[in-house]
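Trainee: Mind looking over this structure? Questions follow.
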Amino acid sequence: MIKIVYINTDGKFNENTYLIDGLPLFGMQGSIALYAIENEGETLLIDSSLSLMARKIILKLKEFGIYPAQKLSLLLTHSHWDHTLGVKRLKRLMKDVEIEVFASSNAIKHLKNPDFMNEPFEVKVNPIDNVTSLNDGDIIDLNGLELKVLNFFGHTMDSISIFDKKNKNIFVGDAIMNKRKNYYQATFMPPEFNESELLKTFQKLRDISNELDSIALSHYGVWTGDDFKQIVKDMEEVHFRTKNAIINWYKENPSSNYIAKKYRETFTPNAIRYKGKNIELLEGTMSWFLEGLRRSGFL
């Protein structure tokens, strides 16, 4: 039987890696996945979720037995608010250890001056300074566990992935797609969506897919085995199918409510979380999709 690790399953899913359900986005469980990679006393936390999740993150790291750590680092897959808001509070609450923050070299300017990246979402994010920049091909060494940094641009132009060759896993942030049972969404969010770079990212993942057995998504968890292979197979088709559908629906009726209902009916009819009044949650996502397409010239 193929093992699937869902976001609501906090805990270890390979020899070195733990999943933390970094809820709540829109007040709903199972919205944000954080990951902690540990080896020989060193821990790398991937993304920070929201400020209100900081105490849960620390509690889970202690529960897993990987905090306090000899060394603790925090890597941001990209500079959107739902991945960066918790940085300041985590650092305040973990004063016993100096936390080094990593991000793409392209993200440094956005982290220092976050308004550009977060204005479309109407979210206020505090500046983040003292960030160590990473570039394509860089290696993060956790006491002998080598993690390779890959530029996975498209969703944003500062998105990076972490390739853990030993455990045959890749952490991709929002760079490929977001997926949970009976629901998936594409990546064309504002303000930096770039389709040509996204297609390069798809090819990068295809090129190394034979060295992988799982993919860790920041929304909504880990997919392994045949489910990982299905994501690789479907990711480009998902992008174009959802993009073209949303553009056509927008021409019929530019209302985000109309588009949300069409999206649910067409792509995720069995997604319970968007039934009834919860359509408002999907409507918010559709408004972001529309802004991403508008800013990148598709609308």
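Trainee: Can you grab the distance from the C-alpha centre of the stretch 32-58 to the C-alpha centre of the stretch 130-189, Å, no decimals?
Mentor: 15 Å
Trainee: Counting only DSSP beta bridges with both residues in the chain, tell me the antiparallel percent, nearest 5. All intermediate terms of the calculation are to be shown ahead of the outcome.
Mentor: Values: 34 of 51 bridges.
The antiparallel proportion sits near 65 percent.
Trainee: Relative contact order for the stretch 5-237 using alpha-carbon pairs under 8 Å, separation at least 6, rounded to a whole percent?
Mentor: 16 percent
Trainee: OK, next. Using alpha carbon centroids, what distance separates the stretch 232-248 and the stretch 191-230, in Å?
Mentor: Value for the Cα centre distance between the two parts: 14 Å.
Trainee: Among the trypsin sites (Lys or Arg not before Pro) in the stretch 63-140, which ones are in a DSSP loop with at most 11 other Cβ atoms within 10 Å of the Cβ? Mind listing them? Please list the in-between numbers first.
Mentor: Working: sites: Lys71, Lys88, Arg89, Lys91, Arg92, Lys95, Lys109, Lys112, Lys124; in loops: Lys95, Lys124.
In loop regions of the stretch 63-140 (DSSP not H, G, I, E or B), the sparsely surrounded trypsin sites (Lys or Arg not before Pro) are Lys95, Lys124.
Trainee: Suppose we flag GluC sites (Glu not before Pro) only when DSSP calls them loop and at most 14 other Cβ atoms lie within 10 Å. Which is the longest uninterrupted stretch of the chain? Numbers along the way, then the final one.
Mentor: Details: sites that count: Glu15, Glu40, Glu98, Glu122.
Looking at the chain, 123-299 is the longest stretch - no exposed GluC sites (Glu not before Pro) with at most 14 other Cβ atoms within 10 Å.
Trainee: Could you give each residue of the stretch 35-49 its phi-based ³J(HN,Hα) in whole Hz, using Karplus coefficients 6.51, -1.76, 1.60 with θ = phi - 60°, and x for Gly or Pro?
Mentor: Listing the rounded values in order: 9, 10, 9, 10, 8, 6, x, 10, 10, 10, 8, 9, 6, 10, 6 Hz.
Trainee: Determine the alpha carbon to alpha carbon distance for each of Lys71/Lys166; Lys12/Lys88; Lys179/Lys229; Lys181/Lys261; Lys91/Lys166 and list only those over 24 Å. Before the final figure, lay out each step's value.
Mentor: Working: Lys71/Lys166 20 Å; Lys12/Lys88 26 Å; Lys179/Lys229 13 Å; Lys181/Lys261 19 Å; Lys91/Lys166 29 Å.
Long pairs (Cα-Cα over 24 Å): Lys12/Lys88; Lys91/Lys166.
Trainee: Just one of [x] 41, 20, 17; [y] 37, 24, 16; [z] 29, 21, 19 is semi-axes √(5λ) of the Cα gyration tensor in Å as worked out from the coordinates here. Which one is it?
Mentor: Structure-derived value, by its label: [z].
Laboratory data are not the source of any read-out in this text; all were calculated from the coordinates shown. Quick caveat: nothing in here was measured; it's all calculated off a predicted structure. Cβ sites come from the backbone with ideal geometry, for glycine too, and all protein chains shown count toward neighbours.
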